[in-house]
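Below: the structure, in structure tokens.
The values are calculated or read from the model by the stated rules, or taken from the named source; none is laboratory data. Quantities reported herein were computed from a predicted structural model and do not represent experimental measurements. Neighbour counts are summed over all protein chains in view; Cβ atoms, including those assigned to glycine, are modelled from backbone coordinates with ideal geometry. The area values use the complete protein model at the heavy-atom level, side chains included, leaving out ligands, DNA and RNA. Shrake-Rupley method; radii C 1.70, N 1.55, O 1.52, S 1.80 Å.
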Amino acid sequence: MSTTTDVLFISHGGGPLPLLGDPDHREMVERLTEIAGRLRKPAAILVVSAHWEESLPTITSGANPGLIHDYYGFPPESYEIEYPCPGELVLARQVHQALEQAGIAARLDDRRGFDHGLFVPLKLMYPAADIPCVQLSLVDSLDAATHLAIGRALQALDVDDLLVIGSGFSFHNMAAFFAPSSPATEARNQAFEDWLEATCTDTRIEESARAERLIHWDRAPHARFCHPREEHLMPLHVCYGLAGRPSEPPIVATILGKKAGMFHWKVPA
């Protein structure tokens, strides 16, 4: 790994709403803007998006991937959003090689575009769209140990000034987002966030124990209330697998009325 690799798990909000001035995403927009301002501008970005699942880890390898506006029922301008960043074939091949060398079968896809798990946060963080990007899929089993292993395989990457982003959401219960809030739902949201914060940041936890906690994430307080389906949590597992260490203090925002966490790791050589 390069000495300047940053690994970042973000809660990316609801569809295109962060780009439409939605007040329930104001804190998220502020946090992502602040994070980008603190980081050295990356030479390339690898994004693991909650919105792409394949039977094998799959890597975008097109020179200029288009955008996939993979959301429904939003205003017309939501489908006119542009983010014309280039792809990065060399990085894509390196990701593919790292996975294969770790015994994880993977494939390249030169036709797939970038989904909103990439273009929504990056349009906020790096609006010039001048940084080459590659997107890596989840595996559709959504097995936690598999995604930790994918992250560990990425430790073999040797790319200067690389930013790796796990683009998901630390809370992702769609029904709860649009139901009236109550002290009970707020308590369940907070209990899981507290567990996740401790799991990712507590320096007293040995790394083997931290990995076990993440593998058995569904034993956490109110885990299945916060994640009826875990695709928005798995990008975090890839991030931790890559980092293999406690994160920096959490970055917290209220998004759509729910507490959501983001985590940053500085990965040394």
Residues located in the range 36-50, provided they are surrounded by fewer than 19 Cβ atoms within 10 Å (Cβ to Cβ) and not charged (D, E, K, R): ALA36, GLY37, LEU39, ALA43
Condition met for ALA98 (within 18 Å of the chain's Cα centre (by Cα), part of a helix (DSSP H, G or I) and on the phi < 0 side of the Ramachandran plot): no
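Could you say which residue among ARG204, ARG213, ARG219, ARG224 is without any contact (Cβ under 8 Å) to a residue 24 or more places away in the chain, in contact with a Phe, Trp or Tyr (Cβ under 9 Å, 6 or more places away or on another chain) and open to solvent by 10 Å² or more (accessible area, probe 1.4 Å)?
On the way: ARG204 fails: in contact with a Phe, Trp or Tyr (Cβ under 9 Å, 6 or more places away or on another chain); ARG219 fails: in contact with a Phe, Trp or Tyr (Cβ under 9 Å, 6 or more places away or on another chain); ARG224 fails: in contact with a Phe, Trp or Tyr (Cβ under 9 Å, 6 or more places away or on another chain).
After ruling out the rest, the residue left standing is ARG213.
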Some residue of the range 255-262 being assigned to a helix (DSSP H, G or I) and in contact with a Gly (Cβ under 8 Å, 6 or more places away or on another chain): no
Test: residue in the range 261-268 that is open to solvent by 20 Å² or more (accessible area, probe 1.4 Å), modelled with pLDDT under 95 and farther than 25 Å from ASP143 by Cα: yes
Cβ-Cβ under 7 Å pairs, at least 6 apart or on other chains, the range 245-269 side within 21 Å of ALA187 (Cβ to Cβ) and of a type in the set (Val, Ile, Thr), far side at pLDDT 95 or above and not in a strand (DSSP E or B): THR254/GLU27; ILE255/GLY13; ILE255/ASP24; ILE255/HIS25; ILE255/GLU27; ILE255/MET28
Residue ID - farthest from GLY117 (Cα to Cα), chosen from residues in the range 168-201 that are among the polar types (S, T, N, Q) and open to solvent by less than 40 Å² (accessible area, probe 1.4 Å): SER182
Of all residues in the range 134-167 being of a type outside the set (Val, Ile, Thr) and under 17 Å from HIS12 (Cα atoms), the one that is surrounded by the most Cβ atoms within 10 Å (Cβ to Cβ): GLY166
Residue in the range 61-89 that is nearest to the chain's Cα centre (by Cα), counting only those that are surrounded by fewer than 18 Cβ atoms within 10 Å (Cβ to Cβ) and charged (D, E, K, R): ASP70
Of all residues making up the range 227-257, the number that are open to solvent by 20 Å² or more (accessible area, probe 1.4 Å), out of contact with any strand residue (DSSP E or B) (no Cβ under 6 Å at 6 or more places or on another chain) and at negative phi: 7
Search result, residues across the range 1-32 that are part of a helix (DSSP H, G or I), farther than 19 Å from PRO235 by Cβ and either touching a strand residue (DSSP E or B) at 6+ places or on another chain (Cβ under 6 Å) or at pLDDT below 95 (or both): GLU27
